[in-house]
Each structure stands twice: as structure tokens, then as C-alpha cells.
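**Student:** My questions all concern the structure below.
The values are calculated or read from the model by the stated rules, or taken from the named source; none is laboratory data. Bear in mind the structure is a predicted one, so any value in this text is a computation, not a measurement. Here the Cβ positions follow ideal geometry from the backbone for every residue, glycine too, while neighbour counts run over all protein chains shown. The protein model used for the area step is the full one, side chains on, heavy atoms only, and it has no ligands, DNA or RNA in it. Shrake-Rupley method; radii C 1.70, N 1.55, O 1.52, S 1.80 Å.
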Amino acid sequence: MMMQDKPKVVLLSCGSFNPVTNMHLRIFELARDYLHSTKKYQVIGGIISPVSDGYGKKGLLTAKHRCEMLRRALQTSDWIRLDTWESDQTTWTETLKVLQHHQNLLDSIVNGNKSSSNLRKRQKLNYDKINANTIGANVSSPTWDLSQPVQVKLLCGADLLESFGVPKLWKDEDIADIVGNFGLVVVTRKGSNPQKFIYESDVLTKYQWNIHLVTEWITNDISSTKIRRALRRGESVRYLLQDSVIQYIKDQKLYQDPDKDDPTHAVAEILCMMGRVLGCVYKNSRNLQLTGNV
């Protein structure tokens, strides 16, 4: 089977990307190489979808900053793109809904192409024309071949796979839908044992045919948490992040104060200020009452 005749796949990665690291980008390359090595799939694109500010995680930078860092980081990629649909939402969006959004959008594009007389020319449609606000003018826009059906698969680390076992964190029906109807591409990390976790889960075992485990032989333990800690301490993070991202962090003075980086910090400051003002008003009112001036 020729590569162009194999099922087409778009890899979707969801997360905070606070900040985006080289490892966030690296797993896309690992996943694409693995799927191509199976001779069963053709990976035509990748999507990074950062969570919205409504996620409410302490220390989470605003989507404005996180998306800008992603735009800069993706300048070096010709097949991975940023999508801001999820981050534009006012509340946290379940992963299943994000997968469904992108699958529906891609399906609508493919169906539109099928009705076109240019199908024989294998029309290449620019995905960003459908959602033009997701990418900056200074970033090159990947062009994907969407002339044939495309399957969205969730790209993740072993930690997300293992989170399926945390009580009440995921709905059982969502896990079944994500794994059964979309599929997982899991890049393993040092110390993880995804095969054992799959074996111990009835749902994952049922759909294990749609779980692709990618071994990361060149191990790299980069994490956004460790990056933020290094930045707070004034330590170098060069070669762990894209240079353009490091420059943006420096220019914007990000990750220097974990409280100020938290988007809820500004709200808390406003509430404190309002409390002080109301307190002063009440105090002055009481003083006027006691002096008989009211």
C-alpha cells in the first residue's frame, strides 16, 4: 500500500503548555515516526490545543501568553499547528469534546472537498483558513492534504493514560469513546509501565487494539514544572525551550513570581482592594454616626 493510500491521521495534543517545551514538540515527531513504521497510517498533521484559563490550575499563565509562546515555538514546524478553539472557551472543556470538535471540523472540510470537481487534483486545503484567528501572521501555516477522510487521534504521555484510573477524574463512557472511536498514541516516560496499566483496566483492555505505545528510547525528563522552577531561580533553560520562547519569557518577565503568573492573582488583588475601600467607607460612616454628624 502506497503512503498516500493509507488511512490519514491528525495527532491532537491537549494540555496546559505552561510553557511549551521542546519535549512537547518532540513527542509529535516520535509518534509520527512510530505510526509510519507500522505501515498502516499516514500522519498528515498535528494540532496543539492549550486549555482555557477556566481550567483554574494554580500558576497557570493566561492563554494569551501560552498561545503566543506556542506560536513562536511552532515556527520551526512545517506540519504541527496551534489551535485556540479550546483556549478561547470561558470554561474548561472535556478532552472528548475537543476531539469531537476537531474531527467534525476535519470531516466537514473533507466532505466539502469530495463535492469539488478538483478532487482528481488531490486538492490541498489550508486548515487555518477555516479557523484563521488561531495563528499569527508571522507564523508559517501548515498545509494538509484533506482530500480524503482523516482520523483524529489523541497524542499523550503515559501519565495521561494512567490518569484514566484516578477515581471520578474521567467518565467511563468518555474513556471508551476516546479510546474506541479516536484512539491513543502514548509516548512512554521513564519509570512508566503502560502495558501493565492497560492490562489492569477492563475498558483499556477492550480497546487495546486502538492504543499505540511509543517507546522513547532517547529519554528526556523535561517538564514544564521543572522549567518554571528553573526560571523562578534565574537558571538557564536554553536548549530545553525554543530560543524564541525563552526570549518571549524574558521580554514579558514571566515565571518570576508564581503568584503573579496566576490569572486569578489579579482578581484576588481587585477583591482585596474593594474590601479595603468598603472597610474605609464603613469606618468613616461609623465615625460620623458617633460624632453626631449623620
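**Student:** Which of the residues belonging to the stretch 191-206 are in a helix (DSSP H, G or I) and under 24 Å from the mean Cα position of the chain (by Cα)? Spell out the reasoning first.
**Tutor:** Pass one, the stretch 191-206, residues in a helix (DSSP H, G or I): 194-199, 202-206.
Those that are in a helix (DSSP H, G or I) and under 24 Å from the mean Cα position of the chain (by Cα): PRO194, PHE197, ILE198, LEU204.
**Student:** Applying the selection to the stretch 42-74, what residues are out of contact with any His (no Cβ under 9 Å at 6 or more places or on another chain) and either part of a strand (DSSP E or B) or closer than 22 Å to GLN100 by Cα (or both)? First the steps, then the outcome.
**Tutor:** Restricting attention to the stretch 42-74, the residues satisfying the condition of being out of contact with any His (no Cβ under 9 Å at 6 or more places or on another chain) are 44-46, 50-69, 71-72, 74.
Result: ILE44, GLY45, GLY46, PRO50, VAL51, SER52, ASP53, GLY54, TYR55, ALA63, CYS67.
**Student:** If you don't mind, there's one more thing I want to ask. Quick one: LEU254 ticks every box in (1) farther than 25 Å from LEU161 by Cβ; (2) outside any loop (DSSP other than H, G, I, E, B); (3) hydrophobic (A, V, I, L, M, F, W, C) except a single one, so which number is it?
**Tutor:** Here LEU254 meets the rest and fails (2).
**Student:** In the stretch 44-57, is there at least one residue being open to solvent by 10 Å² or more (accessible area, probe 1.4 Å) and without any contact (Cβ under 8 Å) to a residue 40 or more places away in the chain?
**Tutor:** Yes, the stretch 44-57 contains a residue that is open to solvent by 10 Å² or more (accessible area, probe 1.4 Å) and without any contact (Cβ under 8 Å) to a residue 40 or more places away in the chain.
**Student:** Out of the residues in the stretch 211-261 meeting the condition of being at positive phi and in contact (Cβ under 8 Å) with a residue 60 or more places away in the chain, tell me which one is nearest to the chain's Cα centre (by Cα).
**Tutor:** So the first thing to find is which residues in the stretch 211-261 are at positive phi, and the list is 234, 239, 253, 255.
Of the ones still in play, those that are also in contact (Cβ under 8 Å) with a residue 60 or more places away in the chain are 239, 255.
Numbers: TYR239: 21, TYR255: 19 Å.
This residue is TYR255.
**Student:** Return yes when GLN75 is of a type in the set (S, T, N, Q) and open to solvent by 40 Å² or more (accessible area, probe 1.4 Å) and no when it is not. Walk me through it before giving the result.
**Tutor:** On the way: of a type in the set (S, T, N, Q): yes; open to solvent by 40 Å² or more (accessible area, probe 1.4 Å): yes.
Yes.
**Student:** Turning to a different aspect of this structure: Quick one: in the stretch 228-251, of everything that is part of a loop (DSSP other than H, G, I, E, B) and either touching a Lys or Arg at 6+ places or on another chain (Cβ under 9 Å) or open to solvent by less than 20 Å² (accessible area, probe 1.4 Å) (or both), which residue is farthest from LEU25 (Cα to Cα)?
**Tutor:** Looking only at the stretch 228-251, we keep the residues that are part of a loop (DSSP other than H, G, I, E, B), and these are 233-237, 239-240, 242.
Those left that are additionally either touching a Lys or Arg at 6+ places or on another chain (Cβ under 9 Å) or open to solvent by less than 20 Å² (accessible area, probe 1.4 Å) (or both): 235, 237, 240, 242.
Working: GLU235: 22, VAL237: 16, LEU240: 11, GLN242: 10 Å.
In this case the residue turns out to be GLU235.
**Student:** What number of residues in the stretch 158-190 are in a strand (DSSP E or B) and open to solvent by 20 Å² or more (accessible area, probe 1.4 Å)? Step through it out loud before you land on a result.
**Tutor:** Quick first cut of the stretch 158-190, residues in a strand (DSSP E or B) only: 184-187.
Retained after the next criterion (residues that are open to solvent by 20 Å² or more (accessible area, probe 1.4 Å)): none.
Qualifying residue count for the region: 0.
**Student:** Filter the stretch 94-128 for residues that are under 17 Å from ASP83 (Cα atoms) and modelled with pLDDT under 65; which is surrounded by the most Cβ atoms within 10 Å (Cβ to Cβ)?
**Tutor:** Across the stretch 94-128, the extreme among qualifying residues is TYR127.
**Student:** Here's another thing I want to ask about it. Just the residues that are open to solvent by less than 40 Å² (accessible area, probe 1.4 Å) and among the aliphatic types (A, V, I, L, M), please, taken from the stretch 2-31.
**Tutor:** VAL9, VAL10, LEU11, LEU12, VAL20, MET23, LEU25, ILE27, LEU30, ALA31
**Student:** Then there's this: Checking TYR34 against (1) open to solvent by less than 50 Å² (accessible area, probe 1.4 Å); (2) part of a helix (DSSP H, G or I), only one condition comes out false. Which one?
**Tutor:** (1)
**Student:** Go through VAL139, VAL150 for me and flag whichever is at pLDDT below 55, in contact with a Lys or Arg (Cβ under 6 Å, 6 or more places away or on another chain) and open to solvent by less than 60 Å² (accessible area, probe 1.4 Å).
**Tutor:** Going through VAL139, VAL150 in turn, the sole match is VAL139.
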